[in-house]
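Colleague: Below: one structure in structure tokens.
A short reminder: the numbers here are calculations on the coordinates, not readings from a lab. From a predicted model like this one, the values you see are computed outputs, not experimental measurements. Neighbour counts are summed over all protein chains in view; Cβ atoms, including those assigned to glycine, are modelled from backbone coordinates with ideal geometry.
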């Protein structure tokens with residue numbers, strides 16, 4: 001016996017209700033089945049046939065029947081359950097990519113906690129809704145299929161869960177990098193009562209790329225390659241000779257650099273693809289400690305970064321639009337205003353297909369715009385393609401906005 005769960009909904013006073021199709025064999029009430037995805041054994045104590053909201057208990061279901069069961073512990077939408085000894089796995093349903101994103105805002109922290117709990121319940125029922133709690137953007141972002149989809153979720157939160165949310169423009173996850181080599185030295189010195197703090201760091205930074213040769217003018221004592229959690233790479237070289245800085249401070253210096261890379265100097269966005277050389281410095285036998293070197297490294301990296309031709313990168317998405325002939329010109333004209341680069345055009349059935357690369361920053365509420373341009377006779381899908389440099393004027397505007405926010409804070 002094999003069954004496939006195609007929908008899960010959460011009902012008050014009942015819990016999870018699972019809708020399934022019997023693919024082979026006969027399913028009887030009380031049968032124990034094994035989840036092919038996680039190995040959990042599930043007992044289907046009662047099975048029903050659904051007719052709208054009415055559920056009629058039955059004793060058995062045969063191959064091809066659609067049924068309902070309740071209170072499964074670890075089995076969810078898109079999972080296969082088999083009789084013991086059977087090893088079938090039904091191909092899961094492929095959900096469409098999200099087409100719209102919006103950040104949510106609530107009145108207070110308690111409201112946000114209630115909203116998150118409700119949203120995760122809704123996302124369990126509706127796999128096309130993706131709830132993202134972004135640490136780098138410090139926002140909760142909903143990814144859905146269209147404006148109506150998000151409006152229905154807002155309506156449900158307010159009517160069923162009693163939580164009021166507002167939508168706002170989501171921030172963009174930019175990245176920062178450098179375009180040329182720069183060297184910098186920084187001395188951190190703090191004298192208070194008792195032991196002070198002292199550290200001096202000399203560093204050189206340059207853009208990192210795959211297969212890059214090692215420098216010929218520095219003696220490399222140790223090198224570390226670090227895959228960054230937000231993408232990209234930090235290549236860290238320890239090139240201190242003659243004990244100018246004790247190697248025990250290497251980790252503190254690296255930690256200081258990583259802290260600054262997590263919240264970059266330009267717009268507070270993460271930095272990536274940078275190689276750092278620590279080639280000289282000074283320490284004090286009493287006043288030097290990990291904290292002092294962490295601060296010195298962080299400030300030294302910030303100053304070097306600002307001298308190394310800093311460049312902001314933005315996420316670029318590949319956009320695929322299907323539309324009718326008569327609205328194609330209007331859609332192309334709108335894409336030009338969004339800094340889009342047209343990759344190609346072709347015919348697909350009765351539709352014209354446009355493929356373009358567009359910055360995510362220009363795609364806010366695009367589904368509503370496309371609907372009004374085409375009178376609802378166009379559809380689109382988008383997926384992440386790459387990070388690309390931001391135009392100079394946009395970069396300056398973003399840096400100024402960030403500085404203004406910092407000044408307010």
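Colleague: Ratio to report: Rg/Rh of segment 304-353, with Cα atoms as the point set and Rh obtained by the Kirkwood method; give two decimals.
Modeller: Ratio value, two decimals: 1.25.
Colleague: Order of 58, 276 from fewest to most other C-beta atoms within 10 Å?
Modeller: Ascending number of Cβ neighbours within 10 Å: 58, 276.
Colleague: Still on this structure, please answer the following. So what are the radius of gyration and Dmax for the Cα set of the chain, in Å?
Modeller: For the chain, the Cα radius of gyration and maximum Cα-Cα distance read 28.2, 83 Å.
Colleague: State the percent of C-alpha pairs, over all pairs in segment 312-392, separated by a distance greater than 22 angstrom.
Modeller: In whole percent, the long-distance tail amounts to 20.
Colleague: What is the distance in Å between the Cα centres of segment 241-299 and segment 331-409?
Modeller: Segment 241-299 and segment 331-409 have Cα centres spaced 38 Å from each other.
Colleague: Now for a separate question. Restricting things to Cα coordinates, could you compute the convex hull volume per residue of segment 100-168 in Å³?
Modeller: It is 80 Å³ per residue.
Colleague: Which of 196, 232, 211 ends up with the largest GNM mean-square fluctuation for the chain, with Cα atoms connected below 10 Å?
Modeller: The residue that fluctuates most here is 211.
Colleague: Let me ask something else. Rounded, prolate or oblate: which one fits segment 201-270, using the alpha carbon gyration tensor with axes a ≥ b ≥ c (rounded when a/c is under 1.5, else prolate when a/b beats b/c, else oblate)?
Modeller: Note, shape of segment 201-270 comes out oblate.
Colleague: When only Cα pairs under 8 Å and 6 or more residues apart are kept, what is the percent relative contact order across the chain?
Modeller: 13 percent
Colleague: Ok, one more. So what's the angle, to the nearest 10 degrees on a 0 to 90 scale, between helix 325-336 and the longest Cα principal axis of the chain?
Modeller: That works out to roughly 30 degrees.
Colleague: Can you tell me, using C-alpha contacts under 8 Å and at least 6 residues apart, the relative contact order of segment 100-168 as a whole percent?
Modeller: After rounding, I find 45 percent.
Colleague: Let me ask something additional. Mind checking which of 65, 217, 151 has the largest fluctuation in a GNM of the chain, springs on alpha carbons under 10 Å?
Modeller: 217
Colleague: Quick one: what Rg and Dmax do you get for segment 176-308 from the alpha carbons, in Å?
Modeller: Expressed in Å, the Cα Rg and Dmax of segment 176-308 come to 14.3, 50.
Colleague: Let me know the Rg and Dmax you get for segment 148-211 when you use only its Cα atoms, in Å.
Modeller: Considering segment 148-211 through its Cα atoms, Rg and Dmax are 25.5, 64 Å.
Colleague: First check a/c for segment 9-52, with a ≥ b ≥ c the square roots of the eigenvalues of its C-alpha gyration tensor; if it is under 1.5, answer rounded, and if not, answer prolate when a/b is larger than b/c or oblate otherwise.
Modeller: Oblate is the answer for segment 9-52, as a/c is 1.5 or above yet b/c matches or exceeds a/b.
Colleague: With each run of n ≥ 4 DSSP H residues scored as -39500 (n - 2.57), what mean residue ellipticity at 222 nm is computed for the chain after dividing by its residue count and rounding to the nearest 500 deg cm²/dmol?
Modeller: -8000 deg cm²/dmol
Colleague: Further, regarding this structure: So what is the relative contact order of segment 176-308, in percent, for Cα pairs below 8 Å that sit 6 or more residues apart?
Modeller: The normalised contact order for segment 176-308 reaches 39 percent.
Colleague: Provide 201, 22 in ascending order of the number of other Cβ atoms located within 10 Å of each residue's Cβ, fewest first.
Modeller: Listed from fewest to most nearby Cβ atoms, that is 22, 201.
Colleague: Okay, moving on. If you bin the C-alpha pair distances of segment 2-83 every 5 Å from 0, what whole percents do you get?
Modeller: Distribution as computed: 3, 17, 30, 30, 15, 4, 0 percent.
Colleague: By counting other Cβ atoms within 10 Å of each Cβ, how are 202, 350 ranked from fewest to most?
Modeller: Ordered from fewest to most neighbouring Cβ atoms within 10 Å, 202, 350 come out as 350, 202.
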